[in-house]
Amino acid sequence: MHKPDFKEARTMDKRNYETKKFELDEKYRNYFKGKTYFLKTYGCQMNEHDSENIEAILKELGFMQEEDYKKADLILLNTCSIRENAHNKAYGMLGRCKHLKEERPELMVGLCGCMAQEEVVVNSILEKFPWMNFVVGTHNFNEIPNLLVKSLSDGLQVEVYSRERDLIEEMPTERQSKFKAYVNIIYGCDKFCTYCIVPYTRGRQRSRKKEDILEEIKSLIKEGYKEVTLLGQNVNAYGKDLYEDYSFGELLEDVAQLKIPRIRFVTSHPWDFTDHMVDVIAKYDNIMPSIHLPVQSGSNKILKLMGRRYTQESYLELVKKLKEKIPNLALSTDIIVGFPKEEEEDFIKTMDIVDACKYDNAFTFMYSIRHGTPAEKIKEQVPDEVKEERLQRLNERVNFYFLENNKALVGKTLKVLVEGKSLKQDNAYYGYSETNKLVNFTGENIQLGEIVDVEITEAKTWSLDGQRK
Ligand code: SAH
Ligand code: SF4
Ligand code: F3S
């Protein structure tokens, strides 16, 4: 058994990992032939993409997908630790699994993802759900095949490492979409914002080699993919742990030159967004004019307590530069309300920054205490009623700008990557614009995966309606 430990996860030593190729032990291929799995994914794109790898591994083991968890032979939860409600959802599901297990003792249940990296979670599993098959961490989910098989004879397997393991290349992937693909460029995070659990659950920053990234994208292009999203908790830090003179700007430029129609990236930290990156985004038409730039708060006092390393002024300066250089830029953000010590005047500064940036999209959250993070220890926590009231006011404000920005697009023509067809209506489709807006539209002779011109006829808060031109 290997249990996680946040003290170890916090350490900042040099690279101590290697790159290895994924290899399935041939004795496990089709080991579970005829059995079914249900995989539930919580959390961010990183987890969604890990789940694409996990599904492919399960299929190599012979499993088939089952949509109804009540019928599946294996239930696997790929969990998220970012806020308490993410925890609660996974625990709720484990409770349901417990009842199922009583009815069907042969049911297999596993847990992976960020919650597995938390010592408190592992301890509560050992106590409350000892009948589970395995708990595996974010650094070694490639070990699911042997852990699952071993659990059949030896019971619960807990294999969680606090620090990064080898970087595994050439993992099989069962992608959700035939047109849009996630591509990891950097794992982990070294920023340690004081509220955030990610550096503990995902380890230190590790960049993938540029050759591996470019090869993966080349083969996606061959398979007909139209869009890649470069993934990392902080993509701007790409390369810093690996190269002297090759960073995110250079990588973006190399990817753009592969000529895939659409390139996106998440997430950029406002702190190390360089001028070179801005110039590269502006220079290439296939780098989408859509940037997710989490601000978290508009108050310098709170930003400092959060350890975000930028100020309201420097953030606004960056936004100004981005808007000047990148025509039609759509800007999105993440905002936390109710961080410890946040007073009404700090919250007003957050509302002010929303007014200044007029975001196209925003994910807004109430601060949630994360066990083991520095902000947990700040005494002046904000009461829940105050957080709720601020969140409501903030949501009204951000929604106002979503609609305003969308209204300005009525009568304009947008390029839309067609992703799906309406089930209710003939000749009705949906897809996303270059600025990442959901567009529902009508038209004839349209193929999924095509990029079409759509004239916008109506604006809603979270989507646009239109007609193919
Ligand atoms: N790497 C990204 C964010 C990843 S987490 C970045 O730094 O921008 C996604 C979002 O969850 C964060 O941007 C933050 O707004 C929110 N978040 C993180 N920890 C939180 C916490 N303890 N309580 C509430 N929201 C949190
Ligand atoms: Fe968390 Fe900050 Fe890292 Fe984002 S940059 S993952 S908010 S520690
Ligand atoms: Fe959640 Fe882990 Fe992502 S905590 S947001 S799944 S990195």
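Key figures
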quantity	calculated
Residue identified as at pLDDT 95 or above and out of contact with any strand residue (DSSP E or B) (no Cβ under 8 Å at 6 or more places or on another chain) among P270, P261, P294, P289	P270
The stretch 130-155, subset touching a residue at least 60 places away in the same chain (Cβ under 8 Å) and open to solvent by 10 Å² or more (accessible area, probe 1.4 Å), residue farthest from ligand 1 (Cβ to nearest atom)	V149
Filter result for E376 (in contact (Cβ under 8 Å) with a residue 24 or more places away in the chain and closer than 23 Å to V198 by Cβ)	no
V136 more than 15 Å from T19 (Cβ to Cβ), touching a Pro at 6+ places or on another chain (Cβ under 9 Å), within 15 Å of ligand 3 (Cβ to nearest atom) and among the β-branched types (V, I, T)	no
Complete set of residues in the stretch 161-201 that are closer than 30 Å to Q381 by Cβ, touching a Ser or Thr at 6+ places or on another chain (Cβ under 8 Å) and open to solvent by 20 Å² or more (accessible area, probe 1.4 Å)	T194, Y195, C196
Criterion violated by D73 - all others in (1) closer than 28 Å to R202 by Cβ; (2) out of contact with any helix residue (DSSP H, G or I) (no Cβ under 8 Å at 6 or more places or on another chain) satisfied	(1)
Whichever residue in the stretch 239-288 is among the hydroxyl-bearing types (S, T, Y) and open to solvent by less than 40 Å² (accessible area, probe 1.4 Å) and, among such residues, is nearest to K218 (Cα to Cα)	Y284
Single residue of V120, V158 found to be part of a strand (DSSP E or B), out of contact with any Asp or Glu (no Cβ under 8 Å at 6 or more places or on another chain), farther than 30 Å from Q447 by Cβ and in contact (Cβ under 8 Å) with a residue 60 or more places away in the chain	V158
Enumeration of residues in the stretch 161-189 that are within 14 Å of ligand 3 (Cβ to nearest atom) and assigned to a loop (DSSP other than H, G, I, E, B)	E164, G188, C189
Single residue of the stretch 200-219 satisfying the filter (in contact with a Gly (Cβ under 7 Å, 6 or more places away or on another chain) and under 14 Å from G232 (Cβ atoms)) that is farthest from ligand 3 (Cβ to nearest atom)	S207
Residues being within 16 Å of ligand 2 (Cβ to nearest atom) and of a type in the set (S, T, N, Q) - total across the stretch 247-271	2
Subset of the stretch 282-326 [in contact with an Asp or Glu (Cβ under 8 Å, 6 or more places away or on another chain) and of a type in the set (F, W, Y)]	Y284
Every pair of residues 6+ apart whose Cβ atoms lie under 7 Å, when the first sits in the stretch 445-469 and is not assigned by TED's automatic domain parsing to the domain that holds Y401 while the second is open to solvent by less than 30 Å² (accessible area, probe 1.4 Å) and polar (S, T, N, Q)	A459/N406; K460/N406; L464/N406
Given (1) of a type in the set (A, V, I, L, M, F, W, C); (2) open to solvent by 20 Å² or more (accessible area, probe 1.4 Å); (3) near ligand 1 (Cβ under 10 Å from one of its atoms), index of the condition I221 fails	(3)
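Conditions (1) closer than 20 Å to S162 by Cβ; (2) open to solvent by 10 Å² or more (accessible area, probe 1.4 Å); (3) within 11 Å of ligand 3 (Cβ to nearest atom), marked per residue:
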| position | (1), (2), (3) |
| --- | --- |
| K59 | no, yes, no |
| I82 | yes, yes, yes |
| G113 | yes, no, yes |
| K128 | no, yes, no |
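So that you can scan it fast, the table gives a plain yes or no per residue for (1) over 19 Å from L24 (Cα atoms); (2) in the same structural domain as E23 (by TED's automatic domain parsing); (3) not basic (K, R):
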| position | (1), (2), (3) |
| --- | --- |
| C114 | yes, yes, yes |
| I125 | yes, yes, yes |
| M132 | yes, yes, yes |
| V136 | no, yes, yes |
| H139 | no, yes, yes |
| I144 | no, yes, yes |
| S151 | no, yes, yes |
| D154 | yes, yes, yes |
| E174 | no, no, yes |
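The values are calculated or read from the model by the stated rules, or taken from the named source; none is laboratory data. None of the values given here were measured: they were computed from a predicted structure. Positions of Cβ are generated from backbone atoms using ideal geometry, with glycine treated the same way; all protein chains shown enter the neighbour counts. To get the accessible areas, we keep the full protein, side chains included, count just its heavy atoms, and leave off ligands, DNA and RNA. Shrake-Rupley method; radii C 1.70, N 1.55, O 1.52, S 1.80 Å.
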